[in-house]
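One structure is given here, and the rest of the page talks about it.
The values are calculated or read from the model by the stated rules, or taken from the named source; none is laboratory data. Given the structure is predicted, the values throughout are model-derived calculations rather than measurements. As a convention, Cβ positions derive from the backbone with ideal geometry for all residues, glycine included, and neighbour counts pool all protein chains shown.
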Amino acid sequence: MTHVRPDETGPIEPEDDYEVEVAKREELEAADRSGMILRFSSATHRFRDSVWIERETTRIAWRDILVPGEFPAALPVEQIVEAWGDYKAAVDAFNRSVWAAQSEQREAERVMHAAHQDALREQRGVIDLLDHG
């Protein structure tokens, strides 16, 4: 459950093939060689066989993250920490919205399955009410 807060951003118990977005950060030299740049991004992680596997892509489009993803490393550390927190919060918001939709769909499927099972249980044995003649 390293990347998931149970029933907030993912399932309560670990599930194979469950995917979640994870905020990442990297430090690189500015193109103009004027200093260092901090770049925030996200990557999809898939849970499989008790481990998280980072995929090469993300499900989050750039337009879905409303906070900047690049900062000069020369900023005061307080601003960098705040920016990183804001970025992680945006990724968490994406994960919460995805989980809310999946959770709602799962509940609807559970209710339909239960209704189907109830109908089968109620109808089972009706043939026994008929005579053999």
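Please work out if P6 is surrounded by 11 or more Cβ atoms within 10 Å (Cβ to Cβ), in contact with a Ser or Thr (Cβ under 9 Å, 6 or more places away or on another chain) and not charged (D, E, K, R). When the stated conditions are applied, P6 does not pass them. Among the residues of segment 1-33, the ones that are within 30 Å of A74 (Cβ to Cβ) and in contact with a Lys or Arg (Cβ under 8 Å, 6 or more places away or on another chain) come to 6 in all. Contact list please: Cβ distance under 6 Å, first residue in segment 39-68 and more than 20 Å from W99 (Cβ to Cβ), second residue of a type outside the set (F, W, Y) and part of a loop (DSSP other than H, G, I, E, B), pairs at least six apart or on different chains. From residues that are more than 20 Å from W99 (Cβ to Cβ), the pairs are F40/G69. Of the residues that sit in segment 61-85 and are under 18 Å from the mean Cα position of the chain (by Cα) and farther than 16 Å from E26 by Cα, which one is surrounded by the fewest Cβ atoms within 10 Å (Cβ to Cβ)? Going through the qualifying residues, I end up with R63. Across segment 61-88, the number of residues qualifying as within 30 Å of I12 (Cβ to Cβ) and at pLDDT 95 or above comes to 5. Confirm whether H45 is closer than 28 Å to Q105 by Cβ and touching a Lys or Arg at 6+ places or on another chain (Cβ under 8 Å). Considered against the rule, which asks whether it is closer than 28 Å to Q105 by Cβ and touching a Lys or Arg at 6+ places or on another chain (Cβ under 8 Å), H45 comes out as yes. Meeting the requirement of 2 or more residues that are touching a strand residue (DSSP E or B) at 6+ places or on another chain (Cβ under 7 Å) and hydrophobic (A, V, I, L, M, F, W, C), the strands (runs of 3 or more DSSP E) wholly within segment 19-133 are 19-29, 36-48, 51-54. Count of segment 26-57 residues, restricted to those that are of a type outside the set (D, E, K, R), over 20 Å from P11 (Cβ atoms) and surrounded by 11 or more Cβ atoms within 10 Å (Cβ to Cβ), is 7.
Candidates A100, A93, A119: the one that is of a type in the set (A, V, I, L, M, F, W, C), surrounded by 10 or more Cβ atoms within 10 Å (Cβ to Cβ) and closer than 30 Å to P72 by Cβ is A93. When segment 55-92 is examined, which residues are found to be aliphatic (A, V, I, L, M) and within 16 Å of T44 (Cβ to Cβ)? Correct list: I60, A61, I65, A90, V91.
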